[in-house]
Protein chains: 4
Amino acid sequence: MKALVYHGPGQKAWEEVPDARLQEPTDVVVRVDTTTICGTDLHILGGDVAAVTDGRILGHEAVGTVTEVGDAVRGFSVGDRVLVPAVTKCGRCEYCQRGMPSHCQTVGGIGWIFGHLIDGTQAELVRVPYADTSLYLVPDAVTDDQAIFLADSLPTGYEVGVLAGGVRPGHTVAVVGAGAVGLSAILTMGLWGASRVIAIDSNKFRLEKAIEFGATDAVEAGPNAVADVLSRTDGLGVDVAIEAVGYPETLLTAAALVRPGGTIANIGVHGRPVELPMQDLWIQNVTLTMGLVDTVSIPTLLTMVASGRIPAEKLGTHHFTFDQMDQAYDTFAHAADHLALKTVITPA
Amino acid sequence: MKALVYHGPGQKAWEEVPDARLQEPTDVVVRVDTTTICGTDLHILGGDVAAVTDGRILGHEAVGTVTEVGDAVRGFSVGDRVLVPAVTKCGRCEYCQRGMPSHCQTVGGIGWIFGHLIDGTQAELVRVPYADTSLYLVPDAVTDDQAIFLADSLPTGYEVGVLAGGVRPGHTVAVVGAGAVGLSAILTMGLWGASRVIAIDSNKFRLEKAIEFGATDAVEAGPNAVADVLSRTDGLGVDVAIEAVGYPETLLTAAALVRPGGTIANIGVHGRPVELPMQDLWIQNVTLTMGLVDTVSIPTLLTMVASGRIPAEKLGTHHFTFDQMDQAYDTFAHAADHLALKTVITPA
Amino acid sequence: MKALVYHGPGQKAWEEVPDARLQEPTDVVVRVDTTTICGTDLHILGGDVAAVTDGRILGHEAVGTVTEVGDAVRGFSVGDRVLVPAVTKCGRCEYCQRGMPSHCQTVGGIGWIFGHLIDGTQAELVRVPYADTSLYLVPDAVTDDQAIFLADSLPTGYEVGVLAGGVRPGHTVAVVGAGAVGLSAILTMGLWGASRVIAIDSNKFRLEKAIEFGATDAVEAGPNAVADVLSRTDGLGVDVAIEAVGYPETLLTAAALVRPGGTIANIGVHGRPVELPMQDLWIQNVTLTMGLVDTVSIPTLLTMVASGRIPAEKLGTHHFTFDQMDQAYDTFAHAADHLALKTVITPA
Amino acid sequence: MKALVYHGPGQKAWEEVPDARLQEPTDVVVRVDTTTICGTDLHILGGDVAAVTDGRILGHEAVGTVTEVGDAVRGFSVGDRVLVPAVTKCGRCEYCQRGMPSHCQTVGGIGWIFGHLIDGTQAELVRVPYADTSLYLVPDAVTDDQAIFLADSLPTGYEVGVLAGGVRPGHTVAVVGAGAVGLSAILTMGLWGASRVIAIDSNKFRLEKAIEFGATDAVEAGPNAVADVLSRTDGLGVDVAIEAVGYPETLLTAAALVRPGGTIANIGVHGRPVELPMQDLWIQNVTLTMGLVDTVSIPTLLTMVASGRIPAEKLGTHHFTFDQMDQAYDTFAHAADHLALKTVITPA
């Protein structure tokens, strides 16, 4: 089969490799019908993720068709159309049993293993361990172009942003950063009745998308952004501030926007420490949350996409085929220039 | 009447002042039968709290007897034995109605006003605004020496530590700092079924008290403390890490102790920023909470003290009279030297 | 002033009575600009509510203007446009402090006192006790014709139906009975992301309204209704079944519709016992909730009406003036014949 | 091997049957070292459970040693000492993923299958399906005589009583019926800080055990019981009323004891309808919960037993060997006469 193989920092190739095959009775093999690229893949290519070594097949998002089934698998059959989520769960460890497979102790201490600790989904075939507890059937009413964003982006925005932030009916929410993940939070915010959603970004295209995806206010990032948001929120700030970038300044902006008693939900992947103004914050009764997605919200999100309430397909702005993988990466790496959000990559 | 009056940094005097009296129909006046000193009072004397100005009567904790009642007060009568909590609540603003009077918008944007924005409780008499929604009757089964610690210390340890930390049956909890507030968290931890409580402090007396108050493990603070705790908690760390000191290093210790999916509950009052290692923490699915006490747990704590399950009186290690106020402050300011936790101060 | 006075079962008159006036420093007097009629008013006229005696002014819903303010009132001034909710709260009793003023121990053991234990709102003026903790300012963006339904109907459908039922994103919900309260539940269901809302009623007009108000399915009440709903919900039933009628058969229908692990939220006012099939239900892990509204959701609902997400005015199908009070009652008592939901009653 | 085989109503025999053996790659076989008898076993022998047919091996509680392991099992090895809980979970269906395996759709629509839909644990060997997601390792600090009661009794009292009832620190709780399950609720109540626990039973021995197990009050069942409890609870009743018998009158007693806003947690297995006084209850804001145990609390309970906070062994009052199975059943069937709670049954 062909697959996108990592060969050290900055090096990757769409090349011939041995076919993915069953290794354990709890595995299935899935033919990848749709995949996409995540910001984390760019970090890997940047050499930032030491655990990813030469020879690893990249990617952790896929929609596909089951082609082989291990002896112990009971929930899936050959031919099933399935969603392969970013997180793999054994279903039995302490973390899986409490609904936090992001830290599944069995699959690697961390639930994100595709394109990280095992071969990934940017390939013609992928082996899926713990298939019964990890895969999801895709309902007929959900297209591949929708389902692909339920592998990581939408659950991340929803779980790490909306759910962790505790968004509730009537809340005012700020989203700092309107990239794919920030927009995913905005797309799913309405499920919890937010009354006002303020998107903050320096990019005009993204702010337009934010409004299209359900934000009520668009605020340009910059030195006046905090004052601008406070003036829109009775001077006290927002109930929930979602950080969706991953820099110290964006987290500090989120912290500056939240009202007493509110929540700062950090989604961003950080590369360095953040100097938190605890001398001001300690008395504010605020909560700061953070984390890797669990993907346990996928059944809910599939239901909402199927019912038409989440237009997931809107995240996919650019389409490529497997042999255009380099082009797909290039477009995503310079998303703002290309007016791109996420790519959709299919066999042909 | 006599009262302890603040006269600028480092200056205070137990001196004659005009009697506290009713100003609003919702006020009562309380004769102070017992008061105590809080770490915050030391901060004020250190000049760290700008809002406290020359002439302010200090103190925000009291048990006393109602001597005068405003026309609109319906819940209290002259002669009632009452607890005056650190936080005053109007009962009607958005924050009070959601149970977060720490940020009552009516009384000052912050619910802590005694000895801060209005005259306080280290006095023979104190005016209590919004009496109906702020005061608590003290049941017969609870002594003054117990009730006084429900004005601030115990609710702070319980609400900002145990409740905010989400302690649940079976949890392992670390408490960084076993002063009065850390010990208050330990005293109330059992209400939520913690199975293991690890106290960390550099002071031998405090560690002994921690064990006496219900901790299962005592760990000496220092370079090996984190490794020591991790070795006691299957290498992953504790479910809840409570910070009860207020320094960057103690908060970072708490952050280093918490397992994936756990909570860091900050109780400490911080004076400077903390460089949070977000590059390591973002993926850990941890939550950081912080805040001023609401004192809304007082009814529960009164019930548990009355039933004998919380020996609140143990926090009071040293007794003084009003005219020994200087001595009381001196003992509390050098608590470790005096083997002191909290002082109990009474008229005579 | 004029007011609608109860004179025993079946007897009422719009007649001259002494003006409402301040009695306590915590009272205000409100000039009624809009009122409406509740099903409970019909029960009272039917003689079913023993606590209501000859001479009592009826009604417990109003929007109006403050005309007099007691000495202790701080949150409201003469001229304020306010919502007078069905429930009065002292703000200080155990029940008020836990957010359950439906059982305020101070105002009468029950929070519903207007037109019940004290004079009510179907009058030119009404005295409002505990004004600071009970009244709500009406924002400019909310009209009287919208606000009037936030006094009782909408909070009842929302709190006793949607909130008590624990509706969550992706849920399927059945509403048994699409009268004003059932429709109120449907109008507010979307705040919590229900994906499918099945209305069940015997009346065609109400089922049409249910679809207009956001239901996805309309099912005719009758012997096949349960089977019909089960066939639409994978045979297991709905996540939440809301009962909004108050008869044994409708509650049993709701119980028959709920899937294992689901919730039956009873809103209906019952007049007799219900024979619950515990031999079948005990193993189903279902929860049955019930209760009087607390009206504590009014701030959230005001926000959502102001933002345009709840078209509250749609509940008001028929308008009357004070001197048409008899006609208004007659229309509401025979709502189905008149294609009526709720009445809107104004001075002139 | 030998096993206790059901042969129709009233008929059972400890007899030779084919050895339990692996059937699926996800199975293990466990040698039973300890088992016990549940009230449900008596119901089966009474002919009340139609799904149990002639030839079925009875029993759904065991502690034992793994003797064989299927190819797909990864969490357990031959020789492991394990707890076989009453509920089997596939780990992948909607109900298992939400933590409600009591309704696992894969193993039978209901999670209780041992001694019901498949052969059970009152045998020398038992086949355990879905071993990875169903079994629990028993820590060294927990004896077999303790662990056996974590298979069903203690989790039932804890989950269906204490957790479903929402017991919280400071609560007053009534337990109607102090048999093995009611006592299990009492034994685990302290984990959530109940301040007062009132046991109600007609049997003196059980009331003594209730006090020994942590109840603060013992009330004799009878016509004055409700008035007695109300007089101990300020006239309003208890926060949580737990029903642990299964008769209409005991459920109605629990309903009569609960205060407004409280919860009635039904644990009892009911055989007929209950006429619920909805005309009184609807306005009380009470919640009625019920259900089969999920056994998901077992890790917490194992921790608390290991730490010495739950003396689980106290439930076992009478010990028997396998060949005394008839005697064991007889003792349990007439528990009150024998001053028995639960039996402990071991090979020799």
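Straight-line reach from D:Lys314: which aspartates and glutamates fall under 12 Å, measuring Cα to Cα and dropping same-chain residues less than 8 apart?
Once the sequence-local aspartates and glutamates are set aside, what remains near D:Lys314 is D:Asp145, D:Glu212.
When only alpha-carbon atoms count, how far does segment A:1-160 stretch along each of its three principal axes, as whole angstroms with the largest first?
That works out to 39, 33, 31 Å along the principal axes.
Let me have the 222 nm mean residue ellipticity of chain A computed from DSSP H runs of 4+ only, each contributing -39500 (n - 2.57), with the sum over all residues rounded to the nearest 500. Could you put the intermediate results ahead of the total?
Working: 11 runs with 78 residues, N = 348.
Calculated from helices alone, the mean residue ellipticity at 222 nm is -5500 deg cm²/dmol.
Can you find, among D:Ile267, D:Thr188, D:Pro248, the residue sitting farthest towards the positive end of the charge dipole of segment D:157-290, where Lys and Arg contribute +1 and Asp and Glu -1 at Cβ?
Most positive-ward Cα: D:Thr188.
In peptide D:252-260, how many Cβ atoms from other protein chains are near each Cβ within 10 Å, on average?
Averaged over the peptide's residues, the number is 1.
At the nearest 100 Å², what buried accessible area, both sides summed, do you get for B and C when the probe is 1.4 Å?
1100
Counting only other residues whose beta carbon sits under 12 Å from that of D:Trp14, what net charge do I get with K and R as +1, D and E as -1?
On the way: positive: D:Lys2, D:Lys12; negative: D:Glu15, D:Glu16, D:Glu124, D:Asp323, D:Asp326.
Result for the neighbourhood of D:Trp14: -3.
Per-residue counts of other Cβ atoms within 10 Å, averaged by peptide: what ranking do you get for D:193-201, B:110-118, highest first?
Listed from highest to lowest mean packing, they are D:193-201, B:110-118.
Identify which of A:Glu212, A:Glu159, A:Glu124 has the largest mean-square fluctuation in a Gaussian network model of chain A, with springs joining Cα atoms closer than 10 Å.
So, out of A:Glu212, A:Glu159, A:Glu124, the one fluctuating most is A:Glu212.
Using only protein heavy atoms and a 1.4 Å probe, report how much of B:Asp152 is accessible, in Å² to the nearest 10.
Using a 1.4 Å probe on the heavy atoms, I get roughly 20 Å².
Restricting to DSSP loop positions (anything but H, G, I, E, B) with no more than 11 other Cβ atoms inside 10 Å of their own Cβ, which chymotrypsin sites (Phe, Trp or Tyr not before Pro) remain in segment B:306-335? Could you put the intermediate results ahead of the total?
Details: sites: B:Phe320, B:Phe322, B:Tyr329, B:Phe332; in loops: none.
Filter output for segment B:306-335: empty list.
Mind giving me the FRET efficiency for C:His334 and D:Glu15? R0 is 56 Å, r the Cβ-Cβ distance, nearest 0.05 is fine. Working shown, then result.
Details: r = 71 Å, r/R0 = 1.27.
Efficiency at R0 = 56 Å is approximately 0.20.
Which value, in debye to the nearest 20, gives the size of the charge dipole of the protein assembly as shown about its Cα centre, when Lys and Arg are +1 and Asp and Glu are -1 at the Cβ?
Charge dipole, the protein assembly as shown, about its Cα centre: 0 debye, nearest 20.
Evaluate peptide C:163-170: per residue, the Cβ atoms of other protein chains within 10 Å of its Cβ; return the mean as an integer.
Numbers: counts 1, 2, 0, 0, 0, 3, 15, 11.
The mean count of partner-chain Cβ atoms within 10 Å per residue comes to 4.
Just B:Asp144, B:Asp326, B:Asp234 to compare: in a GNM of chain B, with alpha carbon springs under 10 Å, which one fluctuates most?
With Cα springs under 10 Å in chain B, the top fluctuation among B:Asp144, B:Asp326, B:Asp234 is at B:Asp234.
In whole Å, what are the extents of segment D:1-72 along the principal axes defined by its C-alpha atoms, from largest to smallest?
Extents along the principal axes, in whole Å: 39, 21, 21.
Assuming a ≥ b ≥ c are the square roots of the Cα gyration tensor eigenvalues, decide whether segment D:142-217 counts as rounded (a/c under 1.5), prolate (otherwise, with a/b larger than b/c) or oblate.
It is oblate, given that a/c is not under 1.5 and a/b is not larger than b/c.
Just need the Rg to Rh number for segment B:68-167, please, alpha carbons only, Kirkwood Rh.
Looking at segment B:68-167, the ratio lands at 0.96.
Quick check on the protein assembly as shown: take the gyration tensor over C-alpha atoms, sort the square-rooted eigenvalues as a ≥ b ≥ c, and tell me if it's rounded (a/c under 1.5), prolate or oblate.
It comes out rounded by the Cα gyration axes.
Tell me the net charge near C:Arg232. Cut-off is 10 Å between Cβ atoms, C:Arg232 excluded, with +1 for each Lys or Arg and -1 for each Asp or Glu.
Counting the neighbours of C:Arg232, the net charge comes to -2.
Provide D:Leu4, B:Leu22 ordered by accessible surface of protein heavy atoms (probe 1.4 Å), highest first.
B:Leu22, D:Leu4
How long are the semi-axes of the equivalent ellipsoid of segment D:157-290, defined as square roots of 5 times the Cα gyration tensor eigenvalues? Whole Å, largest first.
19, 16, 15
I need the shape label for segment A:77-132. Rule: rounded when a/c is under 1.5, else prolate if a/b > b/c, else oblate, with a, b, c from the alpha carbon gyration tensor.
Oblate, because a/c is 1.5 or more while a/b does not exceed b/c.
For segment C:45-151, which trypsin sites (Lys or Arg not before Pro) pass both filters: DSSP loop (anything but H, G, I, E, B) and at most 12 other C-beta atoms within 10 Å?
Sites meeting the loop and neighbour criteria: none at all.
Once the label point is set 7 Å along the Cα-to-beta-carbon vector, what list of distances in nm do you get between A:Glu275 and its counterparts in the other copies?
Taking the point 7 Å beyond Cα along Cα→Cβ, the inter-copy spacings are 0.9, 7.5, 7.5 nm.
Please calculate how many Å² of accessible area segment D:1-130 carries per residue, with a 1.4 Å probe and no DNA, RNA or ligand atoms counted.
Using a 1.4 Å probe on heavy atoms only, each residue of segment D:1-130 averages 34 Å².
Give me Rg over Rh for segment D:196-244, both radii from the alpha carbons and Rh done the Kirkwood way, two decimal places.
0.94
Can you give the accessible area per residue of segment A:157-290, in Å², using a 1.4 Å probe?
On a per-residue basis, segment A:157-290 sits at 31 Å².
With +1 on each Lys and Arg Cβ and -1 on each Asp and Glu Cβ, and nothing else charged, work out how big the dipole of segment C:157-290 is about its Cα centre, in Debye to the nearest 20. Could the numbers behind the result be given before it?
Working: 8 positive and 13 negative charges, 37 e Å.
Taking the Cα centre of segment C:157-290 as origin, the dipole is about 180 debye.
Quote the accessible area belonging to C:Arg232 in square angstrom, nearest 10, computed with a 1.4 Å probe and with ligands, DNA and RNA left uncounted.
80
Within the set of other residues whose C-beta is less than 14 Å from the C-beta of D:Ala199, count the net charge using Lys and Arg as +1 and Asp and Glu as -1. Please report the intermediate quantities before stating the final value.
Numbers: positive: D:Arg196, D:Lys204, D:Arg206, D:Lys209, D:Arg232; negative: D:Asp201, D:Glu208, D:Glu212, D:Asp217, D:Glu220, D:Asp228, D:Glu243.
Every neighbour counted, the sum reads -2.
Taking a probe of 1.4 angstrom, what is the accessible area of C:Asp80 in Å², to the nearest 10?
40
Hey, how many Å between the Cα centroid of segment D:25-72 and the Cα centroid of segment B:49-97?
So the separation of the two Cα centres works out to 62 Å.
In what sequence, largest accessible area first, do B:Ile283, A:Ile298 appear using a 1.4 Å probe?
Order by accessible area, largest first: B:Ile283, A:Ile298.
List the lysines whose alpha-carbon lies under 19 Å from that of C:Lys2, not counting same-chain residues fewer than 8 positions away?
Hits, sequence-local ones excluded: C:Lys12.
Share of antiparallel DSSP beta bridges in the protein assembly as shown, in percent to the nearest 5?
If I count the DSSP bridges inside the protein assembly as shown, around 50 percent turn out antiparallel.
Along each principal axis of its Cα atoms, how long is chain B end to end? Whole angstroms, biggest number first, please.
Taking the Cα atoms of chain B, the three principal extents are 60, 41, 38 Å.
Of all the accessible heavy-atom surface of the protein assembly as shown, with the other protein chains kept in place and a 1.4 Å probe, what percent is carbon and sulfur?
After summing per-atom areas, the C and S share lands at 49 percent.
Residue by residue through C:91-103, how many Cβ atoms from other chains fall within 10 Å of the Cβ on average?
5
The values are calculated or read from the model by the stated rules, or taken from the named source; none is laboratory data. These numbers were taken from a predicted model, which means no experiment stands behind them. Here the Cβ is made from the backbone with ideal geometry for all residues, glycine too, and neighbour counts use every protein chain on show. Ligands, DNA and RNA are stripped out before the accessible areas are found, and what is left, the full protein with its side chains, is counted by its heavy atoms. Shrake-Rupley method; radii C 1.70, N 1.55, O 1.52, S 1.80 Å.
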